[in-house]
Amino acid sequence: MAASGVICCVGGPYLIYYVTPTEEELFKRYNPELQRRSLENRRGKQEDFDNFVNRLKEASRSDKPIWTVMEREDENKRQLGIQRLIQETRDAEEAAKKQRSEIKGSVT
């Protein structure tokens, strides 16, 4: 009975380790087009992951829970994006008014 328990506890994880392919083996099984796209996107994905980890490190320095700090940071980014969009809209409206006034001035 104990021997079968040991076989299950030791043999099961070893079997999974033996059967599971490594990342390199999986990559070699890709067709050439997928390999090329994967290599092209690798740097961007790595940078995104590094940025995410750095944001988590910054959030963990606070004494508040990480998810509340991340939510507040995301809300601040969203607000900045909205403010930037409003400013761009105002700038476009001003440019349109300026063009209209120039057209009116050149017509009269």
Test item: Cα-centred dipole of the chain, Lys/Arg +1 and Asp/Glu -1 on Cβ, debye: 320
Dipole-positive endmost among ALA2, GLY44, TYR30 within the chain (Cβ charges, Cα centre): GLY44
Value in Å of the Kirkwood radius, where the chain supplies the Cα pairs that are averaged: 20.9
Sites matching chymotrypsin sites (Phe, Trp or Tyr not before Pro) across the stretch 2-108 that sit in DSSP coil, with at most 15 neighbouring C-beta atoms within 10 Å: TYR30
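Read the figures in this text as sums done on the coordinates, not as results from a lab. What you see is a predicted model; the values in this text were computed from it and never measured. For neighbour counting, all protein chains shown are included, and Cβ atoms are generated from backbone atoms with ideal geometry for every residue, glycine included.
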